[in-house]
Each structure stands twice: as structure tokens, then as C-alpha cells.
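Notes follow once the structure below has been shown.
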Amino acid sequence: MINSKLKKGINFITIVLITSIVLYLSLKDNFKTIINQILNINIIWLIIAFLLLLIYWLLRSLAIHTFVKMVKPKARFFNSFLLMLRTQFVNAVTPFATGGQPYQVYYLKKSNISITNSTVIIVENFIVYQIALVTLGLIALFSNMFMHIFKQNQLLSHLIAIGFFMNTMVIVVLFIVSFTKKLNKILINIGITILTKLHIVKDKQKQLDKWNEKINNFHESASILLKHKRYFIKTIIYNFIALICLYLIPLIVLFAFGKFNNINIYETIVTSAYVMLIGSFVPIPGGSGGLEYGFIAFYGTFIKGSLLPAVMLVWRFITYYFGMIIGAIAFYIKKVKE
């Protein structure tokens, strides 16, 4: 309990600290100009930006609900949407957004779905999300390769390569965990053998039997999901469209500032994909620092002067801080009965 509270405290202090640094660096040179630009923003376009975020949440909820319905046909969509909102908060306050998946498993378990099925649902849902993310990243990489949207920058090129590699490896590892039963059993056997020699595990055979049963149950559930390939395709499409909606928010924010000719829809999607590839491996809650750096670095190709930090601050509030606030409120909303 103490460690948990300490981690939460450290994460909160980290978010506040990084946010303060970002605000200082963004506002220090043109404070009055940037604040004035933000105060005179077009509310209609701003509402559209928030609506895109809502569509993103709804589609992500629809994806996870598709998997939930396979094991619990009477499940309500509202509960899946509530889970998605709560996940926004948990992801926002944990490094690498690592708290989201464990919380989702816990939430589904409380919804009377077994731990095994809950784990399978969350793993498969994460796989389809990663496939959509990497696909858009791949499209962005090839687009820049042939269209030369951004100027060559060695540091940014290395960061993008690392981000793309890490996200691709996540998919590979998840597929191995989900569908390679023999390898999992070998790894578990090695792990338990090591723990036994270190005198951490006392009854080796008992632990082996316990984990082999879990692996068998997990892969049995995973194989059932794999048989329904249309659900995989459908959920990948949901996530793909959801990410496009999220990626278009900077363009709508730019429109809200009255700028309509700086960048087009395709360039916005490519640029946002680059920003996400950098931010996805920053080990700070919410990718703070990395996402802002990526935004300034890549969108700086199209947006100049004080307008760039102004757009970045509004974009960051919509896509991160607003989601954190709504996610926190969602914890006070009760699930509907199923």
C-alpha cells in the first residue's frame, strides 16, 4: 500500500513538474501573444476537436466491446465505454501507460468475466490497437520517404526508428504470448526452475502444474477468438479510424486559430503518426516531454512563430489533460447492470 501510494505520488509530481517545464518553455518568449491567441480561439472549431476525441473514445470502446461480447453476449456497450474512459486516466498517470491493461483486466473480472478470459480480451484488444498504430506509422514512414514532408534530422530519425521498432516488437511479443503454447511452457519451466534454485519457489511441480493449467486455459480462450478472424479485422478497422480521428485534432485546432492553409489532412495524419511514434516510448506518464518535443519538431515544418506553441498547448490539453479529467470523473460513475 505504501509503495503504491509512493508510486502514485511520484507519478503525480512528475506530471506536474514536466507540465510546468513545458508551459515555461512554450510561454517564456511570447507569453502575452500566445495567451491572447488562445483566448481568441474559435469555439466552434474547438468543439469539433473535442468531438473527434469523443469519436476516438467511442471507436476504441467499440473495439474492446466486440471482444467482450464474444465471451459475454449480454454485455452493455456503456460499460465498455466507461472502461475506456477510466483507462484514459490510468494510462495518463502511469509510465508507458502500463497501468491501463492491468486495470482493464481487473474491471472485466469485476464484471464476472474470468481472469483468463479478461486477460485474453485485453491482450487481443491491445494487439489490434498496436497493429493499427504500426500500420499508420508505416504509412507515415513511406510517405515521408517518397514525399520528403520533413527535413532530414539525425536525432529525430533515430527516435522514429526506435519508436517504430518498439511498437512492432510489442506486436511480435504479444502474438508469441497469445498463440505459442509450447514456447510459453518452456519459458515458464525455465523461470520456475530458476526461482526454485533461488529458494523463492518451494514446490516446483505444484507451481508448474498451476502455470501449465493457466497457459492451457489462456490459449484455449485465445484460439476461440482467433477463429473469428472477422472480429480481428473489424477491431483493427475501428482502431485505425479512431487513430485517424485523434491524428486530425491538430488540424482542427489550427482551424480554430483561423489558419486554414498551413497543412492538409494527409500531412496532418503523417505528422501526427510521427509524433505518436516518438511519444510511445517515453518512460514518463502521458509521454510528457516527448510528445511535446515531437509536436514542436514535426509540426514546426508547417506552423511558425508563437502560433506553434499555442496550437501545441491546446492540442495537448484536449488529447491528454482533458482525457485525464474525464477519466477521473468516470471512476465516480457506476456501471449499468447486465
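Just so you know, all these numbers are worked out from the coordinates, no wet-lab data involved. Please read all numbers here as calculations on a predicted model, not as lab measurements. No Cβ is skipped: glycine too gets one built from the backbone with ideal geometry, and neighbour counts run over all protein chains shown.
Put a dot 7 Å past the Cα of residue 332, heading toward its Cβ, do the same for residue 183, and the two dots end up 4.6 nm apart. Label positions at residue 43 and residue 229, each projected 7 Å from the Cα along the C-beta direction, are separated by 5.2 nm.
Using 0.36 nm per residue of separation minus the Cα-Cα distance, give me the extension gain between residue 162 and residue 54 in nm, one decimal.
35.9 nm
Peptide packing: for 262-275, 65-78, the average count of neighbouring Cβ atoms within 10 Å per residue gives the ranking 262-275, 65-78, highest mean first. Simple spin-label estimate for residue 172 and residue 147 gives 2.9 nm between the two label positions (7 Å along the Cα-to-Cβ direction from each Cα).
Going through the cross-link list 72/337; 110/337; 69/337; 109/185; 110/185; 210/337, which pairs have a Cα-Cα distance over 23 Å in this structure? Correct reply: 109/185; 110/185; 210/337.
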